[in-house]
Amino acid sequence: NSMSLELWEEVSIMDEKNIPIRTYQVCNVLEPNQNNWLRTDWIHRSGAQRVYVEVKFTLRDCNSLPGVTGTCKETFNLYYHESNEDRESYIKESSFIKVDTVAADESFTQVDVGDRIMKLNTEVRDVKVTTRKGFYLAFQDVGACIALVSVRVFYKTCPLTIRNLATFPDTVTGADTSSLVEVRGSCVNQSEEKEEPKMYCGADGEWLVPIGGCLCSPGYEDKGGVCKACSVGFYKAKSSDTGCSKCPPHSHSLRDGATVCDCHSGYFHADSDPPSMACTQPPSAPQQLISVVNETSVVLEWAPPRRLGGRSDTSYSLECLICQAGSHNRGLCLPCSSDVLFSPSQTGLKTTRVVVSELRAHTHYTFIVHAHNGVSRASGAGATQSVSVTVTTNQAAPSPVSFIQATDVTRHSLSLSWQQPDRPNGVILEYEVKFYEKDQKERSYRIMRTFSRSVDVTGLNPLTVYVFHARARTAAGYGEFSGPFEFSTNSDPFPLIGDGVNSAFLLLSVSGVGILLLISAAVFIISRRYTHKQTQAHRHIYKRVKIYVDPFTYEDPDQAIHEFAKEIDVSSIHIERVIGMGEFGEVCSGRLRVQGKREIYVAIKSLKAGYSDKQRRDFLSEASIMGQFDHPNIIRLEGVVTRCKPLMIVTEYMENGSLDAFLRKHDGQFTVIQLVGMLRGIASGMKYLSDMSYVHRDLAARNILVNSNLVCKVSDFGLSRVLEDDPEAAYTTRIPIRWTAPEAITYRKFTTASDVWSYGIVMWEVVSYGERPYWDMNNQDVIKAIEEGYRLPAPMDCPVVLHQLMLDCWERERAERPTFSQILNMLDKLIRNPGTLPFILLPFLMYIYAWSVCQWLQSIGLERYRDTLAAAGYTSLDSLLTLTHQEMDRLGIITPTHQDILIASVQQEMLSQMQHIQHTMVPV
Ligand code: ACK
């Protein structure tokens, strides 16, 4: 349907493969001014915005045509015209818009018409068609020799695709060559949008820049762009989880596509548990509930349940019941009143210890400790597992009177009344009111006693402010006084002078106050004496001995350290090797050379970098403590390095390290007397410490160091303070339970007597060659066993006397335990009188004594009697112990002073020999 079709001809020709094809041809090359048009039918745009026109044609080279002149052309023009009209019969030339002039890439030259080879040109032009439903194309010939073989019109799309689990539809490209079409994808089945999925369709039909995407829904996982259901036994909880996971322990899934797994019966899931967490169980009952009653408070302690149900969020709650005497029937019990205090709390407890206070005196209580965890509620089993204990509180003084009221105030009197204390803790026998003039403070006061809850106070001065305190008394004694309540008497219109009654009263009350003052002074002195008896005793007996100074009483820790420790120049220390790890950092050994002294071996503790102020203080406090001691059985401080980092504490070097490890290494290798020698050394060190009023709190074989001469020295002066500073944490975690006396465990009563208890444990450790006290019993069991009276048995081959001494150290009543001084005497006696030590190797002792008789006589200047004594059979020091004055008379040692010297110094020497043994014995 062309415009000037008369000049374009429809011709059939053969293509390269000899297949006939139809072409349009024109070849008016000889005539000038050609304008021949060929037009297509209407082409529907089909939503395309840019169409591509591919034209295949052949074109004759003008040169190849014989006889043609300037009229011959080698191009044609391509036009288009947009239109909604699919059947326009006539379109003006001027309605067409030119797309391009098309030339042949490759024109063919002259060929024989008979067997010419056909060469096709293919040219593609694109054109934007956006305004109408469709368009027409037209080809204008201006005098070329041309055959149009085919015209293909097409547009481009980006094909349907799936990216990031989103489907993007087949999309027609944009109108311009540079335009990108933004396309929103839609999530594939069983998936959900993570972030809006988007991609751009480029003009070439290529997808570009994918953004966002989808995730497979819970219960489904991505299998190559498709979301597949999780199979049985697997689950996926969240779309963001990467894939299906196996059901966690104690759970299962029975159907495909599970989003959670169901717990096996008897197992549960808490709401807050992640789906990946195993199903768990509620805890079993708490164990070994023990109670210690202290007047009207009770300390309850228990061990965690045997089975925690696979969880770590065990907590406890306490039920408190008041029960009738001897009643084990819950029906006869009532809940405790709300003023009972639970510390730290009654429910949601994370610790296994509670102090219950403000209980009634002389009352039976039942405490039930329940164990809970995250699935206790889910398990639905109404009752949690619990243990209970029944206790009876002791008597206690009444609580203070909380309020005093004054009525009927006159010039000289007033009436007081008050309420019974909140907790009388028994039958109130009487009240006591103490009062004084406010200006007088408590310099002089009066006391009134009454059975009722009120009293009339008379004989007061007018217009004077008085301060009143009241307290109650029961069989258990007086409670505390109430706080002060002030009341003023009224003003006096009449002068007092000359009033006989009043002056008499004045006299009485003055003398009364005087007597009262005397009595109270006496009471005060007596009570002071009583409470300070022990320290007083120490001060009397050991006047020479210094008293240890707590470095924490110094505001400035550096002042304390320099008071008690020498600053060492770091250049005089040569560190050689690491020998262990201490609480604050490494412990090294090395050498110390101080000017004018010989080089010595030392141990060096250092404070690791990044310490806090508190750590520095604690670290140096050990040196401040150690620096105050000077005793052969206490580890000696050489000095400290505080002026440069790291901070160091330098002590004498103890070649054999700590006693427990040393004994384990030499199991069974010592004689009993060697062991006793070690114990004597430790006791001697401890006696020194107790004389200085220092309480060690952590006496244990691991804290005793041993040198190459087998001398034992007490070390580790760190614990005493840590405990006080951090009551809660320290109390439960830091107390070395197995070594600690019961009163120190239960109410932190650390004294020299509790050190004695620990010493008993050290004795046991030594005699058993480093065995762990109470073996592998747990701490709770140890506490319980001790409470029930159990004591460690004698270790193998342990002489009875030694075990008896241990048992003495483990007396429940601390006042009944021996002192270190008694222990020392006892050990000395044992050493001197080996008969009580059946296992002592006598020959060993004899040897020790024998070699020294001669030397000893020399040292006391009585060598002249050597032969006399030897001849009489006195060849060893201990045999000399039996020497009497008569015997010496008989032997011809007649000078009285010589006799005295011999007797006194043999005893002296024996003692120092024994000490010498401890300093010089070597392993056999
Ligand atoms: O049992 P040990 O070898 O002896 O391991 C510990 C370690 O350092 C950590 O405290 C050892 N140790 C501590 N002080 C000294 C010292 N003065 N001489 C020798 N070793 C020491 C202790």
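The values are calculated or read from the model by the stated rules, or taken from the named source; none is laboratory data. Just so it is clear, the model here is predicted, and its values are computed rather than measured. For neighbour counting, all protein chains shown are included, and Cβ atoms are generated from backbone atoms with ideal geometry for every residue, glycine included.
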Cβ pairs under 8 Å, 6+ apart, first in the stretch 770-791 and part of a helix (DSSP H, G or I), second small (Gly, Ala, Ser): 780/303
Filtered residues of the stretch 600-624 (kept if within 16 Å of the ligand (Cβ to nearest atom) and more than 19 Å from residue 563 (Cβ to Cβ)): 600, 601, 602, 603, 604, 605, 606, 607, 608
Residue within the stretch 559-572 that is of a type outside the set (Lys, Arg), touching a residue at least 12 places away in the same chain (Cβ under 8 Å), in contact with a helix residue (DSSP H, G or I) (Cβ under 6 Å, 6 or more places away or on another chain) and more than 26 Å from residue 702 (Cβ to Cβ) present: yes
Qualifying residue in the stretch 573-582 (condition: in contact (Cβ under 8 Å) with a residue 40 or more places away in the chain and either touching a Pro at 6+ places or on another chain (Cβ under 9 Å) or assigned to a loop (DSSP other than H, G, I, E, B) (or both)): no
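Can you tell me which residue within the stretch 820-859, out of those that are part of a loop (DSSP other than H, G, I, E, B) and surrounded by 17 or more Cβ atoms within 10 Å (Cβ to Cβ), is modelled with the highest pLDDT?
Of everything passing the filter in the stretch 820-859, 837 is modelled with the highest pLDDT.
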Hits in the stretch 752-795 (condition: of a type in the set (D, E, K, R) and buried (at least 24 other Cβ atoms within 10 Å of the Cβ)): 755, 765
Every residue from the stretch 637-665 that is within 34 Å of the chain's Cα centre (by Cα) and basic (Lys, Arg): 643, 645, 664
Residues located in the stretch 357-387, provided they are at pLDDT 90 or above, touching a Phe, Trp or Tyr at 6+ places or on another chain (Cβ under 8 Å) and not aliphatic (A, V, I, L, M): 370, 372
The stretch 234-278, residues that are under 31 Å from the mean Cα position of the chain (by Cα), crowded, with 20+ Cβ neighbours inside 10 Å and within 28 Å of residue 164 (Cβ to Cβ): none
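Could you pull out the residue among 884, 868 that is within 19 Å of residue 832 (Cα to Cα) and either in contact with a Ser or Thr (Cβ under 6 Å, 6 or more places away or on another chain) or not basic (Lys, Arg) (or both)?
One residue alone meets the criteria, 884.
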Any hit, the stretch 174-185, residues being within 23 Å of residue 244 (Cα to Cα), in contact (Cβ under 8 Å) with a residue 60 or more places away in the chain and crowded, with 17+ Cβ neighbours inside 10 Å: no
Qualifying positions in the stretch 127-157 - touching a Gly at 6+ places or on another chain (Cβ under 7 Å) and either buried (at least 18 other Cβ atoms within 10 Å of the Cβ) or aromatic (Phe, Trp, Tyr) (or both): 156
Enumerated strands (runs of 3 or more DSSP E) restricted to the stretch 286-347, each holding at least 1 residues that are modelled with pLDDT of 90 or more: 287-294, 297-303, 315-323, 341-343
Filter result (in contact with a helix residue (DSSP H, G or I) (Cβ under 6 Å, 6 or more places away or on another chain), in a loop (DSSP other than H, G, I, E, B) and either within 13 Å of residue 602 (Cβ to Cβ) or within 10 Å of the ligand (Cβ to nearest atom) (or both)) within the stretch 625-660: 656
Any chance residue 180 is in contact with a strand residue (DSSP E or B) (Cβ under 7 Å, 6 or more places away or on another chain) and modelled with pLDDT under 90: yes
Complete set of residues in the stretch 661-709 that are assigned to a helix (DSSP H, G or I), farther than 24 Å from residue 817 by Cα and either of a type in the set (A, V, I, L, M, F, W, C) or within 13 Å of the ligand (Cβ to nearest atom) (or both): 661, 662, 663, 664, 665
Cβ-Cβ under 7 Å pairs, at least 6 apart or on other chains, the stretch 816-832 side hydrophobic (A, V, I, L, M, F, W, C), far side in a loop (DSSP other than H, G, I, E, B): 830/837
Of all residues making up the stretch 569-599, the number that are farther than 19 Å from residue 623 by Cβ and either near the ligand (Cβ under 10 Å from one of its atoms) or β-branched (Val, Ile, Thr) (or both): 1
Residues of the stretch 710-720 satisfying the condition of being within 11 Å of the ligand (Cβ to nearest atom) and part of a loop (DSSP other than H, G, I, E, B): 715, 716, 718
Output for the stretch 9-31, where each listed residue is out of contact with any Lys or Arg (no Cβ under 9 Å at 6 or more places or on another chain) and surrounded by 12 or more Cβ atoms within 10 Å (Cβ to Cβ): 9, 15, 21, 23, 24, 25, 26, 28, 30
Where residue 402 falls short, out of the listed (1) closer than 30 Å to residue 467 by Cβ; (2) modelled with pLDDT of 90 or more: (2)
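Which ones in the stretch 629-678 are hydroxyl-bearing (Ser, Thr, Tyr) and closer than 27 Å to residue 796 by Cβ?
In the first step, residues of the stretch 629-678 are kept if they are hydroxyl-bearing (Ser, Thr, Tyr); the result is 642, 651, 653, 658, 671.
Selection gives 658, 671.
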The stretch 421-432 residues that are more than 8 Å from residue 360 (Cα to Cα), paired with ones that are in a loop (DSSP other than H, G, I, E, B) and of a type in the set (Val, Ile, Thr) (beta carbon under 6 Å, 6 or more apart): 421/401
Residue list for the stretch 564-612, restricted to those being within 26 Å of residue 550 (Cβ to Cβ), touching a strand residue (DSSP E or B) at 6+ places or on another chain (Cβ under 6 Å) and either surrounded by fewer than 12 Cβ atoms within 10 Å (Cβ to Cβ) or among the basic types (Lys, Arg) (or both): 566, 605
